[in-house]
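The values are calculated or read from the model by the stated rules, or taken from the named source; none is laboratory data. Model, not experiment: these values are computed from the prediction. No Cβ is skipped: glycine too gets one built from the backbone with ideal geometry, and neighbour counts run over all protein chains shown.
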Amino acid sequence: MLPWCSGALLLLARLWVAAVFLRSGWLKFTAWDSTLYLFEFEYQVSLLPWQWAAYAGTATELLLPLFLLAGLFTRPVALLLFGFNAMAVISYPTLWAGGFHDHQLWGWMLLTLAVWGAGPLSLDHWRLARGRSGH
C-alpha cells in the first residue's frame, strides 16, 4: 500500500500530464488548418501518412488523457502516451531547443504512472478493491 503522499503525487502527475495533452489536442482541433499544415510540412512522422498522423495524433491527445484523469487503465495508457511523447520529440527536431526538457518531465511522469499505477484516488484502485471483495 502506498502512503497517502505517494497517492497524492500520482494524482498530481496524472492531472498534470493529462492537462498538457488535452491542451495540445484541443489546440490542434480548434486550429485544424494549422494542424494539417504542420503535419504535412513540419512534423516528420514517418510511420503514417501525414493526414492519418494528424487525425491519430489529435485523437490520441484528446482521448487518452481522459483515462488518466479518471485513473482508468492507467498503466497501458501511460505507456501509450510515453510512446506518443517520444514520437513527438523524434518527429519534430526543432522542438529540442525550447521544449525538450518539458517532454523529458512528461516522459518521467508517464513512466512513473506506468510503473506505480494511478494510486488510491483512481478508478483502477476502485476496480481492484471491488474485485478483491468479490463484487
_Residues of the stretch 108-135 that turn out to be buried (at least 17 other Cβ atoms within 10 Å of the Cβ), of a type outside the set (A, V, I, L, M, F, W, C) and either without any contact (Cβ under 8 Å) to a residue 40 or more places away in the chain or touching an Asp or Glu at 6+ places or on another chain (Cβ under 8 Å) (or both), as a count_ = 1
*Tell me, which residue of the stretch 16-59 that is surrounded by fewer than 13 Cβ atoms within 10 Å (Cβ to Cβ) and among the aliphatic types (A, V, I, L, M) is farthest from His125 (Cα to Cα)?*
Ala31
*Among the residues of the stretch 44-58, is any at pLDDT 95 or above and closer than 17 Å to Val20 by Cβ?*
yes
